[in-house]
Each structure stands twice: as structure tokens, then as C-alpha cells.
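Enquirer: Sharing a structure, written as C-alpha cells. Questions coming.
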There are 2 protein chains.
Amino acid sequence: MAINYSVIRNTLDFFLNDWLEIEHLCKRPRFADHGPETFAGVLDLCERMAGERFEPFNRLVDTEEPHFDGAHVTLPSATELACKAYAESGMLAAAQDNDIGGMQLPCTVEMAANSFFNAASIGIKAYSMLTVANANLLMAHGTERQRRVFAHPQFEGRWFGTMNLSEPQAGSSLSDIASRAEPDGADYASDPLGPRYRIAGRKMWISGGEHNMGENIIHLVLAKIPDAEGRLPAGTKGISLFIVPKIRVDAEGQLTGEHNDVSLAGLNHKLGYRGTVNTLLNYGEGGGAVGYRVGEAGFGLTYMFHMMNEARIQVGLGAAMLGMAGYLESREYAHQRPQGRPIQAGSSAAKNPSQQPVPIAQHPDVRRMLVAQRAYSEGAIALCLMCSRLVDEERTGTESAAREAKALLEVLTPVAKSWPSEWCLEANSLAIQVLGGYGYTRDFPVEQHWRDNRLNMIHEGTHGIQAIDLLGRKVVMQNGEPFRLLLRRMRETIARATQFNRLQPLAKAVNDAADRIESATERAWSSGNAQVALANATAYLRAFGHVVLGWVWLDVACAALRAEERVRYSNSFVAGKLAAAQYFVLQELPLVEAWLRPIERGDTLWLDLPDEVI
Amino acid sequence: MAINYSVIRNTLDFFLNDWLEIEHLCKRPRFADHGPETFAGVLDLCERMAGERFEPFNRLVDTEEPHFDGAHVTLPSATELACKAYAESGMLAAAQDNDIGGMQLPCTVEMAANSFFNAASIGIKAYSMLTVANANLLMAHGTERQRRVFAHPQFEGRWFGTMNLSEPQAGSSLSDIASRAEPDGADYASDPLGPRYRIAGRKMWISGGEHNMGENIIHLVLAKIPDAEGRLPAGTKGISLFIVPKIRVDAEGQLTGEHNDVSLAGLNHKLGYRGTVNTLLNYGEGGGAVGYRVGEAGFGLTYMFHMMNEARIQVGLGAAMLGMAGYLESREYAHQRPQGRPIQAGSSAAKNPSQQPVPIAQHPDVRRMLVAQRAYSEGAIALCLMCSRLVDEERTGTESAAREAKALLEVLTPVAKSWPSEWCLEANSLAIQVLGGYGYTRDFPVEQHWRDNRLNMIHEGTHGIQAIDLLGRKVVMQNGEPFRLLLRRMRETIARATQFNRLQPLAKAVNDAADRIESATERAWSSGNAQVALANATAYLRAFGHVVLGWVWLDVACAALRAEERVRYSNSFVAGKLAAAQYFVLQELPLVEAWLRPIERGDTLWLDLPDEVI
């Protein structure tokens, strides 16, 4: 059972070309060297590499999970080979400037191209993803030398990168991190690599924290600089960011061979996503790890969050592609596996036992499970690509377009992170269900997707954190202007869709849902009390996400009908998109009303209960 | 992290004594030797045994899953020791007559007592469950000698039992099974052990199919007897049932030492539930396995389904207890783990970083996840115990009470099987979420519960099969009388609840939901076309299940308030039950409306789509 990448490719092409119309980006100076052919070339390359270098080893990296013998961490050699192939393709620097060896690809194309690897083996892909995120942060906030010494080797694939935020006692609560960074000597401020500190502390959940791939690992570490009395500043405003290389380097970035004071305290043994080594790292057990401060002291979290939006879209796209992988695998199975007979038209549910068994794809409930998987997975891909397109707009659009894109991203990012994580996990569960007992065995890939996907509601900000971010911050920021802009965009789509007869019932349903979320948002904050407003934040996130996805599907349906007019895709391609839109808007969107009730009622059940009842 | 069984015990005691009022059963002749003390003694025994003999090995049986070296299947010795302890306790024969060594316990008490093992280690418990199911079937449909020879040694724990239904080419579609049973010699009909056949075929998904525990394994095998031309009869009416011992026995049940012609073709390597060996068995590769027919030819499935109702309630209770285990573990974690600060009352969502971190049980979203887990898990336990109580009524009640109980069980059994399987899986996902990254590691038990629980929507009739059973058969059987009886019972509860001021909003919500499911049922069948009626059977099952659980919680809430009046339980115990009822009825029940829309609209989206679009 292998993933049919050409089906993914068709849908990506449709989203990129017919829906998001990325050819317009090529008119902008940054992307002027590009055109449909270069974009297609990148997608071709990644599609092939994912199928050849990643997917065949996805089960292997699950069963042979990273192993620590007390001295070294061992990964399957397939992981290193896949990472090498990826680096050699140039994809690590896909979005970078030409003059440092990059391709200057739009974010939208980079995301679409990378999506193949998420479907093929997200556990292998994560190493490159983290490395690029690390190097991107340094490109945005590092000095010229920090960029050259620490970021460039990562884009070349020689070094790997990690992000060190959480600590054992402080997961989601970063204000409580206790890692210390003390100035290293009197000349600490004049080190060419940046102000030099000694770091001590423990960092938890560090993906890619230790392995033997590449020549070095660059850790980006959040820590606090103590005040004159040695006390760590309270809150997130006291957090700074440091570059801590595993092997120390000289001022020109040459490896000195000297190990920095970072040691592996242990591996986390996970439910899924096992291809990616996850570690607990101890800093400074032998006097302090040498680290170079990035930017200003006290701005560590700001720098980290600068990159977090893109990281959250990537988490969403990862979840979406796991959903897509399970969808395609269960779809193939359902069309090939004969079992049972259809219920006949007529008053009795009896079947005719003398008839030959039919493929299970003919049974209504299996059809439901396939359409639902498609609606979740393709909808999630569409959402994430739309967000990537907004990132491009923010970076290269006109000033007003960039401002609007930034505002929309504020509101949409929590959805792009959380919605695919929740619903493409559900898609994976449906994929297991389609395969029945076989889906529950490790002989088929769908159970692994389900396990792998379960991480996505946890890392890069849990579901609950996204909910508070959305309702507590994003929809009320700037007097609610970004939220109202999103509603205006939704209503533009609704107006467009109303012109297609076939989409009118869908347009009406999305319109009702948009009205409902608008009034629920007001209602949530009507007490003026954040405690009450946020009591049902997760129900709000869920409802908000479904409204956004209803809008996305309606917009995609408009594009599908336009594409149909241009005879660009097969009838069944267009019909598949319309069926998913119809399913989602007519069968899933009504849930919004039920989810919003506690908010409309001002229900504070959880707050009112004494602790001993919880 | 260990399960706090006393919390489970309190809730079981409340359900058994205050809600289901099982002391009334002791007035019946079959249970006349029992009283509150003997019931409590059985619960004490099982509570202790589950904690001492099962739970400590639950992770072990997951990591050291059954292994087949080509000759023998190896299980961890802990499995055999736990099964032995269980057998020695007499629980295998808990429901049997005194004169064959049984305890004549009511089904309700037997189920409640067994529930501890499901929470402790469902993978170990399954061996005993299957053995009892096998022996129960023989007690109901076997000859006196078959009962004595094959069932009694299973109740004594000397032999184990299995159920052989599925085949590799026929999972849910039993009419397509191809196992053959040919009369064995001219004297086949006069064997003292029952009509003797030679069985040949392949049986898939056989739990407990091979291991070295006990002295023998008794397989109950569905197969078809060919007609004079050697053709197998079509459909399920041609299926017969056979006893196939692994080691052959003489007419008195003494082991002959001769291996029957049953061989292990391989093990299934599962996502979870790994403590239970799951096998593919080949019958008759060497001439035919000797099997003794049970009852009449052609009634095999009828006999099997006679036991299936109880098996389905057991599956539901298994799912419920996995939900409960995760709830208790995540609850303990949430009250102990300090992290973050509560949002203050006031207009801003900002927090005070100088305040000490609080236990995460103080965060609203964690509280939501704990209350939801409680509502799902305790609600599911209540449902399954109520069904067990109906089983007792069917067996020992007055003629009219028995008839009503049987009717209610027809309609409720698909819900008892499917609802806990779906929603206690969700509860387990919430338990992972409460623990965050830690919940995603194998250092904590919650991820295993989630994996183990995923099987329950698949085995003993998939979710889709339950849905067709409910909407296609159960709610329309006997002109809908069993369904109307259920509605009457719901409305009796609603009337009772209305007398409590605090329950009036809940009573109204349950009443609306009951009305809605009643009219949706009519609407579903209004076309008179089963194909259309069943197009949305799974949405119907989901809605129906929530209405039933809304009713169960309302009824439980009435009992909690009555118990409060009698000062039998602590305030927080009663408040916990009321909070769960309030959460479920006010926040979850509104989903019913959304789920029923496609049915009310007569939506046939799946049926209308061409195959290539699916």
C-alpha cells in the first residue's frame, strides 16, 4: 500500500494555480525568475524524493526508534540518507535569497512542495523542518556574522538545528523557565559571535536534540539573565535567546572540536512521531554551556514567536498531510476490498446473499468515511496553503495588502495550527475504521498516521493555548479589526458563491455560521471579564475553526466551478471537490450552533465547580 | 501513577445500590442466597485482584506482546498468573448455578465486578471474558454432555475458549464464510460428543486462538455444511456451529493427547490490546479438524448471536473502563502538576507572573477536559450496568417485565456497544491532552488506553454495523414497539426529574432531544426505501446514542439528588454526578440536532456520487 502522490499533486496544482493563482506572484521582483515551470519543477522533485527516499522508510523509523546507549544516539541510516537527499536538493534554502544559494521560492510553493514529505514520513521530515526554522530565525534576528556562521551551514545541510523552549517544570508556561545565562567573563560583550554567556538549565521535549547526523547541532535556547542579586526576572519579558552549538566553533565558524557543555539526559519514548528523536538536554553541568545572545536581552520570546506563526502553519500542514495519506490509503483499500452486498432499494434492509460481494467503497458508511476524510484533509491543506499565501503577501505584497495579510494571519494562525490537528486526527481514525481489523494492525500504515498525528494537538502550543490565543487575544486585538476583516473576506466569498446556483444553499449556510460566530464573539466578551469570556475558549476555537473551514470550502468550490468552465480538470475531479464542500458545509457546519451554545449562554460550569468536584 | 479503585468503587456502589437498586434482586429465588454483603464481598475481591494481579502488568503485556517462534506462542508469565488468580477466585463461574460450582450472581453484579479488570488490564482480562462467553454459549445450546465435557472445564479455569467467526475474505460479512464442515464417517451422527464433522477453513482475528495457558483451548467455529453436490449454502442461514478442541478428548472429556487439525498461521500485530494474542488459524490442512456440531444445522449464527448481546455490553463496559482509567489518571495528574497561572477576573487576559504556579486542574480548559471525561466514562458505565440490569430482568423478572427488558435490550444493545467505544476513546484522547507532552510518552499509561480502546469500534460488530442494526432493524422491529417503550421510559424519567427544581432545564433538554429522535426516526423511513433510510445510519446512531446518554444522565442525576436527601454520599460526590449530567445534557446534547439534519433533509449525498468521485 503506497500513497498515490499524483492525486495529491493534482489537488495541490488546483489549489496553487486555480484557487490561489500563484502565477501572480511571479510579477513581483523577488519571484521574477520564477514561473509555472520552475514551480512545477520543484513540486516534481519533491514528489519524487518523498516517494523514493522517505515513504519506504516510514514504518522502519517507527519500529526502530532512536536508541541511546549512554554515549551515542542511534537512528536508522535511512533517516540520514533521506535528510542528505533533501539537503542536496537545495530545499533547505528554498525560500532564501539567490545570493546565499537559495531559490527565492514563495512560501506557498515551499509549503506545497514540502507537503509531500509530511505525507511520506513526517518523522524523518521534522529534522529538516527544525533546521530551517532555526536558520530562518537567525536570518531574521542574528547579526551578519551569526547568520553566516550559524545559519548558512544549516541551509547547506552540514549542520542541524533545534529549538529549546520547554523545561520539565514549565511546558506551556514559558514565563516559568529557570535556565540561567550568566555573562561569560569581562569581555563577554565583545565576542565576534555575539555577547557570550554561560548557560545552565534543563530543556525538555527537544526534537532533534542529539544524533550523529551532520557535523554539528545548533541549539537555539531560551534562558533568563539574572539581575545583580542573581535573581531571574519574572515573566516572559525576562527571557533572552541564545545560540548554543553542540561543538564549539571559532569566530569564523570553524569547528574547534571542543564539545560544548550540553549533555543528553535522556530520550522521550513517544506514542508516535518516533522517527524524530526527542530529548531532555542538560546545559551547564560542567560549568556552563557557551552561548551567544541573539539580538537584545529580554526579547527572546519575541524573536521566537516571529518564527512561530510559520511553524504553526507547518504543524497544521503536517497534520493535514497525515490525514491525506490515510485518506488515499483507505480509499485505495475500499475500492479493492470486496465484502458484503449493498442494501437494495425497497422497504426491507435485507440483502441478496446470492449476489457477488462488492467493493466496500459501495457501502454508504464507507462512502461517508471517505468523503469526510477528504473534506477534513483537503480542507486543511487548503487552509494552510491559504495562510502560506498570506505570508507571501505579508512579505512581498503592497503595503496595504501586506497589512491586511498580517491582520488575517493573526486570526487564522491558531486555526491553521489547531483545526488540522484535531480533524485530520479524526480523518486518520476514519481511515483505520475503513480498513476494519486490518487497519488496527501494524501491517497497514494507517494506525501509524493516527499515532503520529496525535502529537499535533500538543506541540507548538497546545489546543487549549491556541484557544486562549484566539479568543483572548486575536479576535479582540486592534479593536477587533483583524476579525472584522476576516468576516468581510468571508462575505465576499459568500457573495461570489451566490452567483452559482449550485452553491446557493452552501453560501447561505456559511453566511449563517459567520453571523453566528460574529455575535458569539461579542457575547463572549459582553461581561468584560476575561475569566468568564475564556471559560469556553476551546468550544469557541472549535466553532471558529469550522466556520473558517466552511468559508474555505465555499471558496474552493467557487474555484472548482470556474475551473470546470475552463475544462481544466476532469469532471470527477471537480465533482470530488464539490462533494467535499457540500458534505462539510451541510453536514458539519451545523455543529457550530451546538458548540457556541455555552458561550451564548455565558456558561461558567467549570469555573463554578469547587476543586474537589473536578 | 496507579488507578484509584476506591473512586471507581464509590461510583459502582452508587449505580448498583442507589440507582439500579439491586437489593431488590435478592428477593428472587435465583439470587435468594445473596444480599448487599455478598455483592460487596465480590466487588472487594475483584477490586483487590485487579490492582494486585492485573494493573501492575498492563504495560508489560503491551511491550512484550505475544510472540510466535514457528512452534509456540509465548506470553508474559504475568498473563498466566493473572488468569490463574482470576480462575481461582471463582469469577469464571460467577453467574453459573450453585450446583456446578457457580455463585448465581446477577449479571449486573458480575459486570460491575469485572469492570475493575477492564480498567486494570483489558488485554489480560480478555482471555477470561472469551472463555466465559464460550462456555455460556455451550450452557445455553449444547447437550448435557457438551456442557459437562466442554463448558465445565472452562468455568474451572482448566481450559480456555475462543470464538471463531471472521475469515480473511469475510470480516463483517458472515454470509460469505467459506469454512466447510463435512460429516465425519457414516457414524458421524452418533458420536456421544455430538454430530461429528471434519472442519476445513481459515479463521481470522481469533483472540486467544493459540497460547500455552491451561490444558486445552476450545474453539467455537462457524462453518457451512455442503449440500449433496458439495456446494456451500448461500447466506447466513447455511451457517452451523461446531466445537473444535485444540487437543482432542474422549467421550468423557479426558484429553487424548492427540492434536486436532488446527494450526496457527500467524499472529496479528496490533496497535493496542496487545496483551491478547490475536491469530489467524488454519483448520483442516491435514485432513480436517474434528468438530462436534452444537444444536441444529443452520442455526449457528442464531446461537452465536444469543451470546452476542451480552458480549456487546461487555465491549461497551470495556471501553467505558478504559475511559475511566484515563480519567482517574489524568485527574490525579492535574491536581498535582503545577503549571501556569489562572486568568484573573477583569477585562484583560493577562496573568500575574509573580504569582506562584497553580495545579493545572485550576485552568478552565483542563477542568473542561476532566468533566467531559467523567461524563463520557461514568455515563458509559451507567449505560452498560443498566443494560446488565435489563439482562437480569429478562432472565429472572416477571413475564411482562422480562418481555419489556428484552425489548429495551434490542434497542439499547447497539448503543451500549458503540457509544462507549466512540466517546470513551475521545475521553482517552482528552486524558492524553491533560498530560500534554507527558501524555504522549509511554512513561504514562494514558496513551496505551487510547490505543487499546481504538479496537472497540471495530470488533464484535463495527460501528457501521451497529448503526445499520439500530436504524435498519431495532427501531422498526415489532412495528416500532421496543423503540416506543424506550421513549416512554425516557419520558417517565423526564417527568420524575421535573420535580427537582435543579433538574428542570436538563429535563427540558432531554425531552426536546427525545422528541427529535422520535420524529427523525419516522422521517428516516418516510421514503419506505431502506437504501435511503440507511444512508445516514451512522449519524443516526450517534444522535440516538447521545439521546440515550442524556436520559441516563438525567436518571442518574435524579438518583444523586435522592441519595443526597438520604445523606449517603459526600456533597462533592453528588456534585460531581450533577456536574457531569449538567455538562452532558447542556453542552453535548445540542449536537443531536446537528447530527440529525441530514436525516431530516433526506440527504443521500453518498448514494448519489459516482464511484470515481468517492
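The values are calculated or read from the model by the stated rules, or taken from the named source; none is laboratory data. Just so it is clear, the model here is predicted, and its values are computed rather than measured. Heads up, the Cβs are rebuilt from the backbone with ideal geometry, glycines too, and the neighbour counts pull from every protein chain shown. Ligands, DNA and RNA are excluded from the accessible area calculation, which covers all protein heavy atoms including side chains. Shrake-Rupley method; radii C 1.70, N 1.55, O 1.52, S 1.80 Å.
Enquirer: Would you check if B:MET490 is within 14 Å of another protein chain (Cβ to nearest Cβ) and either in contact with a Leu (Cβ under 9 Å, 6 or more places away or on another chain) or closer than 27 Å to B:GLY316 by Cα (or both)?
Expert: For B:MET490, the condition - within 14 Å of another protein chain (Cβ to nearest Cβ) and either in contact with a Leu (Cβ under 9 Å, 6 or more places away or on another chain) or closer than 27 Å to B:GLY316 by Cα (or both) - is not met.
Enquirer: Mind checking which pairs have a first residue in the stretch A:394-415 that is without any contact (Cβ under 8 Å) to a residue 24 or more places away in the chain and farther than 17 Å from A:LEU317 by Cα and a second that is among the β-branched types (Val, Ile, Thr) and open to solvent by less than 70 Å² (accessible area, probe 1.4 Å), Cβ under 9 Å, 6 or more apart or different chains?
Expert: A:ALA402/A:THR396; A:ALA405/A:VAL391
Enquirer: Within the stretch B:470-485, is there a residue that is part of a helix (DSSP H, G or I), among the acidic types (Asp, Glu) and either within 24 Å of B:ARG597 (Cβ to Cβ) or open to solvent by 70 Å² or more (accessible area, probe 1.4 Å) (or both)?
Expert: No.
Enquirer: Now a separate question. Which number in (1) more than 10 Å from chain A (Cβ to nearest Cβ); (2) touching a strand residue (DSSP E or B) at 6+ places or on another chain (Cβ under 8 Å) marks the one condition that B:LEU390 misses?
Expert: Here B:LEU390 meets the rest and fails (2).
Enquirer: Looking at B:SER429, B:SER418 in this structure, which one is closer than 20 Å to B:LEU317 by Cβ, part of a helix (DSSP H, G or I) and touching a residue at least 24 places away in the same chain (Cβ under 8 Å)?
Expert: Just a single option satisfies the conditions, and that option is B:SER418.
Enquirer: Among B:GLY287, B:GLY275, which is more than 26 Å from B:HIS306 (Cβ to Cβ), in a loop (DSSP other than H, G, I, E, B) and either under 32 Å from the mean Cα position of the chain (by Cα) or among the polar types (S, T, N, Q) (or both)?
Expert: Going through B:GLY287, B:GLY275 in turn, the sole match is B:GLY275.
Enquirer: Continuing with the same structure: Look through the stretch A:435-472, keep the residues that are under 30 Å from B:SER348 (Cα atoms) and of a type in the set (Gly, Ala, Ser), and return whichever of them is farthest from the other protein chains (Cβ to nearest Cβ).
Expert: The qualifying residue farthest from the other protein chains (Cβ to nearest Cβ) is A:GLY461.
Results for (1) surrounded by fewer than 24 Cβ atoms within 10 Å (Cβ to Cβ); (2) farther than 24 Å from A:LEU301 by Cα; (3) without any contact (Cβ under 8 Å) to a residue 24 or more places away in the chain; (4) in contact with a helix residue (DSSP H, G or I) (Cβ under 6 Å, 6 or more places away or on another chain), shown as yes or no for each residue.
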residue: A:ALA200; (1), (2), (3), (4): yes, no, no, no
residue: A:THR236; (1), (2), (3), (4): yes, no, no, yes
residue: A:LEU241; (1), (2), (3), (4): no, no, no, yes
residue: A:GLU258; (1), (2), (3), (4): yes, yes, yes, no
residue: A:ALA265; (1), (2), (3), (4): yes, yes, no, no
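Enquirer: Something else about it: Restricting to the stretch B:58-71, and then to whatever is more than 14 Å from B:MET213 (Cβ to Cβ) and part of a helix (DSSP H, G or I), can you tell me which residue is most open to solvent (accessible area, probe 1.4 Å)?
Expert: So the residue we want is B:THR63.
Enquirer: Continuing with the same structure: Could you tell me whether the stretch B:371-380 includes any residue that is under 26 Å from the mean Cα position of the chain (by Cα), facing another protein chain (nearest Cβ under 8 Å) and within 22 Å of A:PRO598 (Cα to Cα)?
Expert: yes
Residues are listed down the side, and each one gets a yes or a no for (1) open to solvent by 10 Å² or more (accessible area, probe 1.4 Å); (2) of a type outside the set (Phe, Trp, Tyr); (3) more than 30 Å from B:GLU332 (Cα to Cα); (4) touching a residue at least 60 places away in the same chain (Cβ under 8 Å):
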site	(1), (2), (3), (4)
A:ALA507	no, yes, yes, no
A:TYR540	no, no, no, yes
A:PHE544	no, no, yes, yes
A:TRP553	no, no, yes, yes
A:ALA563	no, yes, yes, yes
A:VAL567	yes, yes, yes, no
A:LYS577	no, yes, yes, yes
A:GLN582	yes, yes, yes, yes
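Enquirer: Next up: Report every pair of residues separated by at least 6 positions or lying on different chains whose Cβ atoms are under 8 Å apart, first residue within the stretch A:600-614 and at positive phi, second surrounded by 16 or more Cβ atoms within 10 Å (Cβ to Cβ) and of a type in the set (Val, Ile, Thr).
Expert: Partner pairs satisfying both residue conditions: A:GLY602/A:VAL532.
Enquirer: In this structure, does B:LEU193 turn out to be more than 25 Å from B:GLY70 (Cα to Cα), in a strand (DSSP E or B) and open to solvent by less than 10 Å² (accessible area, probe 1.4 Å)?
Expert: In short, no.
Enquirer: May I pose another question? For the stretch B:284-300, give me each residue that is open to solvent by 10 Å² or more (accessible area, probe 1.4 Å), within 21 Å of B:PRO195 (Cβ to Cβ) and not small (Gly, Ala, Ser).
Expert: Result: B:ARG293, B:GLU296, B:PHE299.
Enquirer: Ok, one more. Which of the residues spanning the stretch A:72-94 are under 18 Å from A:SER207 (Cα atoms) and not in a helix (DSSP H, G or I)?
Expert: Answer for the stretch A:72-94, where residues must be under 18 Å from A:SER207 (Cα atoms) and not in a helix (DSSP H, G or I): A:HIS72, A:VAL73, A:THR74, A:LEU75, A:PRO76.
Enquirer: Right, here's the next one. Of the conditions (1) among the polar types (S, T, N, Q); (2) within 14 Å of chain A (Cβ to nearest Cβ); (3) open to solvent by 20 Å² or more (accessible area, probe 1.4 Å), B:SER173 fails just one. Which one is it?
Expert: It is condition (3) that B:SER173 fails.
Enquirer: Here's another thing I want to ask about it. Hey, among the residues in the stretch B:318-363 that are away from every other protein chain (no Cβ under 11 Å) and among the charged types (D, E, K, R), which one's least open to solvent (accessible area, probe 1.4 Å)?
Expert: B:GLU329
Enquirer: Here's another thing I want to ask about it. Let me spell it out: the conditions are (1) closer than 19 Å to A:HIS72 by Cα; (2) among the basic types (Lys, Arg); (3) open to solvent by 40 Å² or more (accessible area, probe 1.4 Å), and A:ARG231 meets all of them except one. Which number is the exception?
Expert: Of everything listed in (1) closer than 19 Å to A:HIS72 by Cα; (2) among the basic types (Lys, Arg); (3) open to solvent by 40 Å² or more (accessible area, probe 1.4 Å), A:ARG231 misses just condition (1).
Enquirer: Quick one: how many residues across the stretch B:494-505 are in a helix (DSSP H, G or I), without any contact (Cβ under 8 Å) to a residue 40 or more places away in the chain and of a type outside the set (A, V, I, L, M, F, W, C)?
Expert: The number of residues fulfilling the criteria is 3.
Enquirer: Would you check if B:ALA311 is out of contact with any Gly (no Cβ under 8 Å at 6 or more places or on another chain), outside any helix (DSSP H, G or I) and among the small types (Gly, Ala, Ser)?
Expert: no
Enquirer: Tell me which residues, restricted to the stretch A:143-156, are crowded, with 24+ Cβ neighbours inside 10 Å and within 17 Å of A:GLY102 (Cβ to Cβ).
Expert: A:PHE150, A:ALA151, A:GLN154, A:PHE155
Enquirer: I'd like the full set of residues that are polar (S, T, N, Q) and open to solvent by 60 Å² or more (accessible area, probe 1.4 Å), limited to the stretch B:176-190.
Expert: Residue satisfying the conditions is B:SER190 alone.
Enquirer: Pairs, please: C-beta under 8 Å, at least 6 apart or cross-chain, first residue of a type in the set (Asp, Glu) and in the stretch A:323-346, second in a loop (DSSP other than H, G, I, E, B)?
Expert: A:GLU329/A:MET1; A:GLU329/A:ILE3; A:GLU329/A:PHE444; A:GLU329/A:PRO445; A:GLU332/A:MET1; A:GLU332/A:ASN4
Enquirer: Quick test of your reading of the structure: A:PHE500 fulfils all but one of (1) more than 23 Å from the chain's Cα centre (by Cα); (2) within 10 Å of chain B (Cβ to nearest Cβ); (3) surrounded by fewer than 20 Cβ atoms within 10 Å (Cβ to Cβ). Name the failing condition by number.
Expert: (2)
Enquirer: Does A:HIS306 meet the test of being within 14 Å of chain B (Cβ to nearest Cβ), assigned to a helix (DSSP H, G or I) and open to solvent by 30 Å² or more (accessible area, probe 1.4 Å)?
Expert: no
Enquirer: Looking at B:TYR376, B:TYR333, which is the one that is of a type in the set (Phe, Trp, Tyr) and closer than 21 Å to A:ALA539 by Cβ?
Expert: Every option except B:TYR376 fails the conditions.
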